[in-house]
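Novice: So that we are looking at the same thing, I have put the structure below in structure tokens.
Computed from the coordinates by the stated procedures, all read-outs in this text should not be read as laboratory data. Quick caveat, the model's predicted, so the values are computed rather than measured. Cβ placement follows ideal geometry from the backbone for every residue including glycine, while neighbour counts extend to all protein chains displayed.
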Amino acid sequence: MDENLEEKKVFKEMEEGMRKGVEATKQQLSNLRTNHPSPHILENVKVEYYGSLVPLKQLASISNPGPRLLVVQPWDISAIKEIKKAILKANLGFCPESDKKLIRITVPQLDAERREEIIKLAHQISEQGRISIRAERREANERLENLEKEKKIGEDDRIKGKERVQEITDRYIEEINKALKKKEEEIREV
């Protein structure tokens, strides 16, 4: 028996949820600091700007002109003081220096202890991603069981469906594991 529409919907929604979970995990991992600083580290720093908290990437261009240098160039130079304060408040271990037009951040080398802390954080972020994927799996399996109870699919379809759910789950968890491994290598790089 071919998949019915209800069953297709279960898989479509599950994959969509898993894809979002993987993307969110990768985004969080990209924000973690390595020995090769990336502008991504600062993009989501929240800056107090005219009474609102605004991501830094909406207020300035962030570039990486050198191996240990980040440059923040605000579009509104009156925001320099608030941007500098937000970078310090983000607790990234940076000491921003500014002139009238831009902010320079010389990124210090990570010591072994700090690298291990960041790796631990990367593992926590990845585990949260895997938990969200497993929650999608659980929900999809419950929906398949309900479809069987409602006589919309047979027992064989439910069993095959659960096997397919597990295959998809394994694929997305592997994607998170690969992203974690890559990030860990970047962090350990001296």
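Novice: Taking 24 Å as the cut-off for C-alpha to C-alpha distance, list the pairs among LYS20/LYS183; LYS57/LYS89; LYS120/LYS178; LYS101/LYS183 that go past it.
Specialist: Working: LYS20/LYS183 19 Å; LYS57/LYS89 16 Å; LYS120/LYS178 16 Å; LYS101/LYS183 33 Å.
Too far apart for the 24 Å limit: LYS101/LYS183.
Novice: Give the longest segment of the chain that steers clear of chymotrypsin sites (Phe, Trp or Tyr not before Pro) in DSSP loops with at most 16 neighbouring Cβ atoms within 10 Å, not counting the sites themselves.
Specialist: Details: sites that count: TYR50, TRP75.
Here the longest segment lacking exposed loop sites spans 76-190.
Novice: Same structure again: Which angle between 0 and 90 degrees, to the nearest 10, do you get for helix 155-188 versus the longest principal axis of the chain when only C-alpha atoms count?
Specialist: The angle comes out at about 20 degrees.
Novice: Further question on the same structure: Given the convex hull over the Cα atoms of segment 80-183, what projected area results after averaging over all orientations, in nm²? Intermediate results must be reported in sequence, preceding the final value.
Specialist: On the way: hull surface 41.2 nm².
Result: a mean projected hull area of 10.3 nm².
Novice: Could you derive backbone 3J(HN,Hα) for segment 91-108 from the dihedral phi with the Karplus parameters 6.51, -1.76 and 1.60 (θ = phi - 60°), listing whole Hz in sequence and x where the residue is Gly or Pro?
Specialist: Running phi through 6.51 cos²θ - 1.76 cosθ + 1.60 with θ = phi - 60° gives 6, 8, x, 9, 10, x, 10, 10, 10, 6, 10, 8, 10, 10, 10, 8, 8, x Hz.
Novice: What does segment 40-106 give for Rg and for Dmax, in Å, if only its C-alpha atoms count?
Specialist: Considering segment 40-106 through its Cα atoms, Rg and Dmax are 10.6, 35 Å.
Novice: May I ask for the angle, rounded to the nearest 10°, between helix 5-30 and the longest principal axis of the chain, with both axes built from Cα atoms and the value confined to 0 to 90°?
Specialist: Computed tilt is about 20 degrees.
Novice: Could you tell me which residue out of VAL72, SER38, PHE11 lies farthest along the dipole of the chain toward its positive end? Charges go on the beta carbon: Lys and Arg +1, Asp and Glu -1, centred on the Cα centre.
Specialist: Going by the Cα projections, it comes out as VAL72.
Novice: ³J(HN,Hα) across segment 116-127 via Karplus (A = 6.51, B = -1.76, C = 1.60, θ = phi - 60°), whole Hz, x for Gly/Pro?
Specialist: Karplus values, whole Hz, x for Gly and Pro: 5, 4, 5, 5, 4, 5, 4, 5, 5, 4, 5, 5.
Novice: What longest region of the chain stays clear of trypsin sites (Lys or Arg not before Pro) that DSSP places outside H, G, I, E and B and that have at most 15 other Cβ atoms within 10 Å? Intermediate values should be presented prior to the final figure.
Specialist: Working: sites that count: ARG68, LYS100, LYS101, LYS151, LYS152.
Answer - 1-67.
Novice: Give the longest segment of the chain that steers clear of GluC sites (Glu not before Pro) in DSSP loops with at most 13 neighbouring Cβ atoms within 10 Å, not counting the sites themselves.
Specialist: Details: sites that count: GLU150, GLU189.
The longest uninterrupted stretch comes out as 1-149.
Novice: Students often forget the sequence filter, so: which aspartates and glutamates lie under 20 Å Cα-Cα from LYS181 once same-chain residues fewer than 8 apart are removed?
Specialist: GLU23, ASP111, GLU113, GLU116, GLU117, GLU127, ASP170, GLU189
Novice: Working from the alpha-carbon coordinates of the chain, get Rg over Rh, Rh being the Kirkwood radius.
Specialist: On the way: Rg = 22.3 Å, Rh = 19.3 Å.
My calculation puts Rg/Rh at 1.15.
Novice: How big is the charge dipole of segment 40-106 about its Cα centre, in debye rounded to the nearest 20, if each Lys and Arg gets +1 on its Cβ and each Asp and Glu gets -1 on its Cβ?
Specialist: Numbers: 10 positive and 6 negative charges, 24 e Å.
The dipole of segment 40-106 has a size of about 120 debye.
Novice: Sticking with this structure for a sec: For each of THR169, THR25, count neighbouring Cβ atoms within 10 Å of the residue's Cβ, then give the residues from fewest to most.
Specialist: Fewest to most other Cβ atoms nearby, the residues stand as THR169, THR25.
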